[in-house]
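Throughout, read-outs are computed from the coordinates displayed, never taken from laboratory work. This structure is a prediction, so every number in the text was calculated from the model and none was measured. With ideal geometry, Cβ positions are generated from the backbone for all residues, glycine too; neighbour counts draw on all protein chains shown.
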Amino acid sequence: MPVLAHVVPLTPVDGVFTYAVPEELEREAVPGARVVVPFGRRRLTGIVVERSEGEAAGLKAVEDVLDAEPALPERLLALTRWIADYYVCAWGEVLKAALPSGTEVESRRVVYRTAMPMERWSGNGIGQRVLAHFDGDLFGGADGGVGVEVLEAAVGQRVSASLLRRLQATGLVRVENELEEARVRVKTERRLRLADGIDLEAAGAALRGARQRMLLEALAEVEGSIAQADALQATGASSGTVKRLARYGFIEAFDAEVERTADEMEQPVEARAEVTLHRAQKRALGAVVNAVESERAETFLLHGVTGSGKTEVYIRALTATLLERKTAIVLVPEIALTPQTVRRFRAHFGDRVAVLHSRMSPGERFDAWRAIRAERYPIVIGPRSAVFAPLENLGLVVVDEEHETSYKQFDPAPRYHARDVAVMRAHQAGAVCVLGSATPSLESLANARAGKYTLLTMPERVPVKGHAAAPLPPVRVVNLTREKKVRRLKGALSDDLRDAITARLERCEQVILLQNRRGYAPILTCDDCGFTPQCRDCAVSLTVHKPKRQLRCHYCGWTERLPVECPSCSSSALAFLGAGTQRIEEELADVFPAARVLRMDLDTTSRKGAHRRLLNAFGRGEADILLGTQMVAKGLDFPRVTLVGVVNADTGMLLPDFRAAERTFQLLAQVAGRAGRRDLPGEVILQTRNPDHPALQFALAHDFDGFAAHELRDREVLGYPPFGRLVGIEFKGPEERSVQALAEQWTRGLVAEAQKVARLEVLGPTAAFVGRVKRQWRFHAILKAPRALPPSVLAAVVRGAQDRSGSLPKGHRVNVDVDPVGLY
């Protein structure tokens, strides 16, 4: 019987499509392999998800197999299927996310001009302009093919498929679907080596040129081969010299694959000091290792205060995993944390560690992914996308700082939560999963209390490198409202915080300041008429970026010049409201002119390697103050940091989101943990206008249990997670009325489907908190269900509403977000 391949294309089109497999491709077209298949008028990359035998008549055939071995292990295929079902998205979108970007092959429409004279065209308008461009000098005459997207850019208008068909019918053009090569490919370099069995003395005597002899002698001094570029630079020889020596049979020139590596893998690491485990660490490690050695799939919630030694537990657990000849994944929430984490793990595991993250170049990610697939690295470290690392024989998955919202993917689909995917991947592989945090998410805490996870606690800081265990630092609250009334507030820094910084600078200690807002000021306003510049494409005010004299939108990136007078009334009375990291940096320079300040936010870390350079400089003592957004709050360990100041603890606290208090408490508790981690005592100062807010009061006492009890009581009354399930539905489009109409139509379908299920609520639709982003109007609705309702039922309700709504209006989108971490 003919072999059939069931293929999922790497597109948002939902479905599995069956193709015939030519006999010569049968061995390679197996589940997990990437294949090129015809799809409508195009050819594109898909993944074989299943094989069968059956009648092939009428089926299109697989055209090519791109991998000698399957790109995705079968267990990873099963995980992607679960993600598609749970997060209500196309399987192809998940498969695409699981592969390195830029490796897919697709066809593009290419237009060729024939020799037929232009007079054959009876139409005018765009068709005439297309032909005129071909017959002019722009595309080099009639012979060259031009991609449709290039043609559209040239004529300044969309070139429709129907126009191309009419031009083709008259014989004026020929349209082909041509495969484009993948944007990312294996990198090779030309290398040189001596030919086997060469008599160097005789070869040297036979050569006349000094450069030829020098190149031959250089190759004789190296073992194996050398890069041609290096050999030519060292000897002054040319490529012609290489060709002559190869023609004589003295040397061989060949292409060899070159592995591109991330910056983190090139950095030197310090020798790892021997660490003695504390009692709580031993207890936690024993439980994890027992599960690993017993091959018992189990999920642990490791709740340890900042400085309690969670990373050491991870390292020992990984060691035990490798001894069992198994592999492991370690997820970290921020790219900024990756260099520090990689350095610590490489100090212990050497070259057995690979890294995957989005700041790597596409080529670096591709090479790392291939090396992992080839089983060269048993440990993979990275942010959320590393959960898809193509490891076989998985034994352990660690999710550090599991509470972090950065583990949730927003756009594009799949909108998965890497923590929950990690738990499922470990479960499917029969592996152990460890979720670590000083401030666990309330969902994970509820799972532990319900017995789904095993709770491990480490309530105290531990000694480090011979230093005594440091206590958690005292926290002091500064009431900004009261400070302003008594005129003790100059700028953004209170007198208390300024005095504390001064004391640290005098003692040559270091300070971390958190201001979770980048830019100079969030609002520019006119004191005379009240005008505030708005983004042209988003429903938000523009943020002042003073160093570059810019106003910038933090949603779409739109920029315009910072005005010197009001664009509305021409007044010069312009005022900056609020403070971002740039303004705090300026204030620090005024108040502490001798202090060395490093600013760490999205603006200063956009270049490759910037995170690592900033943190290394601070760690070497090249700066006194590290000022930044939330990326300075997590996972950093600097022994001379004795003061942490939160410039505005209210940022984010009052957002219209039921998780606002939880996120505020977590951020404050995490940043507080950066202070006093060695012998030098630490202190934390929180500036706020809401000193009585429960999140601040519990953070003041380092009381996670108290905060969790308080917040869980409120959540249970309202039926919010972890006591309920939520699905957010976002509606987007270019016109407000059409988006609202779509939202209302879709919501009616949701209501109709929800009526089939008890206790299922539909909330909305309403305009989103930010009603317009990137010229797209936004409405949203929420599906709310009790926790006991199976996720499959919620997914069926959403898919039922999709079926009821039919095709979407042109330019409109509906995004489904299961288990959203934000509702604004």
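A few remarks follow.
- Relative contact order [Cα under 8 Å, 6+ residues apart], the stretch 270-458, whole percent: 34
- Protection proxy ranking, peptides 580-591, 636-647, 208-219, average beta carbon neighbours within 10 Å, highest first: 636-647, 580-591, 208-219
- Taking other C-beta atoms within 10 angstrom as a stand-in for reagent exposure, Ile47, Ile782 fall in the order Ile782, Ile47, fewest first.
- Inter-label distance, Ala374 to Val757: 4.6 nm, where each label sits 7 Å from its Cα along the C-beta direction.
- Taking the average, over residues, of other Cβ atoms within 10 Å as the packing measure, peptides 36-45, 239-248 rank 36-45, 239-248 from highest down.
- Total lysine pairs whose alpha carbons fall under 26 Å of each other in the stretch 724-818 (8 or more apart, or interchain): 5
- Fewest-first sequence of Lys546, Lys634, Lys452 by Cβ atoms within 10 Å of each Cβ: Lys452, Lys546, Lys634
- Distance (nanometres) between label positions extended 7 Å along Cα→Cβ at Phe254 and Phe658: 6.4
- Reachable aspartates and glutamates from Lys634, criterion Cα separation under 12 angstrom, eight or more residues apart if same chain: Glu334, Asp400, Glu401, Glu402, Glu404
- For peptides 194-206, 410-422, sequence by mean Cβ density within 10 Å, most packed first: 410-422, 194-206
- Part-to-part distance (alpha-carbon centres) for the stretch 650-687 and the stretch 303-372, which is given in Å: 26
- Across the chain: Cys residues that no other cysteine approaches within a C-beta distance under 4.7 Å: Cys89, Cys433, Cys508, Cys556
- DSSP beta bridges in the chain [antiparallel fraction, %, rounded to 5]: 60
- Prolate/oblate/rounded label for the chain (Cα gyration tensor, a/c 1.5): rounded
- Taking a ≥ b ≥ c as the square roots of the eigenvalues of the alpha-carbon gyration tensor, the stretch 331-432 is classed rounded because a/c is under 1.5.
- Between the stretch 185-237 and the stretch 511-526, the C-alpha centres lie 59 angstrom from each other.
- Taking the chain and dividing mean pair separation by its residue count, relative contact order in percent (alpha carbons under 8 Å, at least six apart): 10
- Fewest-first ranking of Leu602, Leu542, using other Cβ atoms within 10 Å as the exposure measure: Leu602, Leu542
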